[in-house]
Amino acid sequence: MTETRSQIEKVTVLINPMAGHGHAPAAGRKGVARLRARGVAVTEIIGTDADDAKKLARRAIEEGTDALVVVGGDGAISIGLQAAALTDTPIGLIPAGTGNDHAREFGIPTGDPEAAADVIADGVVQQSDLAKITLADGSVVWSGTIIASGFDSLVSERANRMSWPKGPMRYNLAMLAELAKMKPLPYRIELDDEVITVDATLVAVGNGRSYGGGMLITPGASKSDGLLDLTVVGHGSRLRLVRLFPRVYKGTHVSLDAVQTYRSRKVRLVSEGIIAYADGDRVGPLPITIEAVPMALNILTHTRI
């Protein structure tokens with residue numbers, strides 16, 4: 001694992017004002033104040049939407065900044081990844097979301113913006129793999145944690161279409177609705193050295209280990225091995241699925257007979273009518289091709305990954 005120290009003198013801070021139910025601006029203010037107290041010059045940017053935020057982040061990197069600092073949750077960090085992937089500019093994280101799976105993976109303090117800012121100011125840069133997702137139309141999306149498809153992405157699709165209720169209850173209702181209509185999802189999974197056809201409930205591809213705020217869906221994944229981990233949950237009863245999910249938080253679900261795991265540098269997923277999500281955000285319909293790209297990201301962290 002390559003580790004270097006960088007002189008952090010000026011950074012660009014991207015803030016997602018809606019992250020963490022609107023708590024990101026407060027976290028951003030605390031983090032920015034600590035950076036300035038540490039002698040770091042800060043330029044703040046806030047996009048009008050995700051596309052605008054990506055443009056601003058890319059422009060900041062092109063014009064020169066010692067680091068792109070993202071304040072928010074995994075969705076905001078995903079915006080940063082699209083701008084910083086395959087560049088020399090490191091990303092810094094000030095977690096302010098509800099899941100914070102990227103921060104957890106990299107050992108970044110959560111709930112403490114000042115401590116996260118100290119990690120950035122200390123300037124220890126490590127390299128991490130990323131997952132490169134190529135859609136059928138040729139467009140590319142970078143992912144740092146999990147690419148989800150199947151039951152969990154169907155739940156997200158339904159929840160995103162619902163205007164009521166607000167908050168976590170919307171997701172819970174969407175999950176109940178999808179459970180009621182759950183059916184086998186025929187998948188074709190192409191790996192480096194084999195092709196799998198299976199009726200599945202869900203297929204998750206991990207560059208990292210967790211999604212959804214600590215659900216260890218691919219518990220053996222490493223961000224520095226140049227490989228992707230797959231978890232395939234075979235189709236079964238609703239009761240079996242409900243019983244499986246609590247085990248995901250400990251990663252012990254992979255020992256169940258209904259769950260198969262694989263490891264591959266490249267993965268192609270094919271399943272009709274299924275939408276892929278990456279790092280919690282909608283990516284697009286299958287088929288997609290996912291490839292592990294070694295050392296595609298520079299990250300400011302004090303923990304070896």
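Kindly provide the set of residues from the range 151-194 that are of a type in the set (G, A, S), within 21 Å of R282 (Cβ to Cβ) and part of a helix (DSSP H, G or I), ordered by number.
Here is the first cut: in the range 151-194, the ones of a type in the set (G, A, S) are 153, 156, 159, 163, 167, 174, 177, 180.
After this cut, where a residue has to be within 21 Å of R282 (Cβ to Cβ) as well, the list is 153, 156, 159, 163, 167, 174, 177.
Within the range 151-194, S153, S156, A159, A174, A177 qualify.
Considering the range 131-150 alone, what residues qualify as being crowded, with 23+ Cβ neighbours inside 10 Å, part of a strand (DSSP E or B) and not β-branched (V, I, T)?
A131, S143, A148, S149, G150
Starting from the range 153-180, take each residue that is under 20 Å from G273 (Cβ atoms) and list its partners that are modelled with pLDDT of 85 or more and not in a helix (DSSP H, G or I), counting only C-beta distances under 7 angstrom and pairs at least six apart or across chains.
Close Cβ pairs (under 7 Å, with a partner that is modelled with pLDDT of 85 or more and not in a helix (DSSP H, G or I)) amount to S153/I274; S153/I275; S153/A276; S153/Y277; S156/Y277; E157/I275.
Does R209 meet the test of being under 23 Å from G251 (Cβ atoms) and either without any contact (Cβ under 8 Å) to a residue 12 or more places away in the chain or part of a loop (DSSP other than H, G, I, E, B) (or both)?
Yes.
Condition test on V254, is it assigned to a helix (DSSP H, G or I) and touching a strand residue (DSSP E or B) at 6+ places or on another chain (Cβ under 6 Å)?
Judged against the criteria, V254 is a match.
If you check A276 against the conditions, is it under 27 Å from T110 (Cβ atoms), surrounded by 15 or more Cβ atoms within 10 Å (Cβ to Cβ) and not hydroxyl-bearing (S, T, Y)? Reasoning before the result, please.
Numbers: under 27 Å from T110 (Cβ atoms): yes; surrounded by 15 or more Cβ atoms within 10 Å (Cβ to Cβ): yes; not hydroxyl-bearing (S, T, Y): yes.
It is true that A276 is under 27 Å from T110 (Cβ atoms), surrounded by 15 or more Cβ atoms within 10 Å (Cβ to Cβ) and not hydroxyl-bearing (S, T, Y).
Taking the range 257-273 on its own, how many of its residues are part of a loop (DSSP other than H, G, I, E, B) and either surrounded by 15 or more Cβ atoms within 10 Å (Cβ to Cβ) or touching a Cys at 6+ places or on another chain (Cβ under 8 Å) (or both)?
Within the range 257-273, the subset part of a loop (DSSP other than H, G, I, E, B) is 257-258, 265, 271-273.
Next cut, either surrounded by 15 or more Cβ atoms within 10 Å (Cβ to Cβ) or touching a Cys at 6+ places or on another chain (Cβ under 8 Å) (or both) only: 258, 265, 271.
Looking only at that region, the number is 3.
In the range 85-112, what residues are of a type in the set (G, A, S) and under 13 Å from G73 (Cα atoms)?
Once the filter is applied, which keeps residues that are of a type in the set (G, A, S) and under 13 Å from G73 (Cα atoms), the range 85-112 yields G92, A96, G97, G99, A103, G111.
Can you name the helices (runs of 4 or more DSSP H) wholly within the range 38-124 that have at least 1 residues being in contact with a strand residue (DSSP E or B) (Cβ under 7 Å, 6 or more places away or on another chain), farther than 16 Å from A27 by Cα and not charged (D, E, K, R)?
50-63, 74-84, 101-106
With G236, G251, G213, G220 as the choices, which residue is surrounded by 14 or more Cβ atoms within 10 Å (Cβ to Cβ), over 23 Å from the mean Cα position of the chain (by Cα) and over 14 Å from Y277 (Cβ atoms)?
Just a single option satisfies the conditions, and that option is G236.
Quick one: would you say G107 is on the phi > 0 side of the Ramachandran plot and at pLDDT below 95? Steps first, answer last, please.
Numbers: on the phi > 0 side of the Ramachandran plot: yes; at pLDDT below 95: yes.
Yes; evaluated as a whole, the condition is true for this residue.
Being closer than 17 Å to W142 by Cβ and surrounded by fewer than 19 Cβ atoms within 10 Å (Cβ to Cβ), is that true of even one residue in the range 41-53?
Checked against the condition, which is being closer than 17 Å to W142 by Cβ and surrounded by fewer than 19 Cβ atoms within 10 Å (Cβ to Cβ), the range 41-53 yields at least one hit.
If a residue must be in contact with a strand residue (DSSP E or B) (Cβ under 6 Å, 6 or more places away or on another chain), at pLDDT below 95 and not assigned by TED's automatic domain parsing to the domain that holds V198, how many such residues does the range 257-304 contain?
So the count comes out to 2.
The values are calculated or read from the model by the stated rules, or taken from the named source; none is laboratory data. Remember, it's a predicted structure, so these values are computed and weren't measured experimentally. Counting neighbours? That spans all protein chains shown, and the Cβs are built from the backbone with ideal geometry, glycine included.
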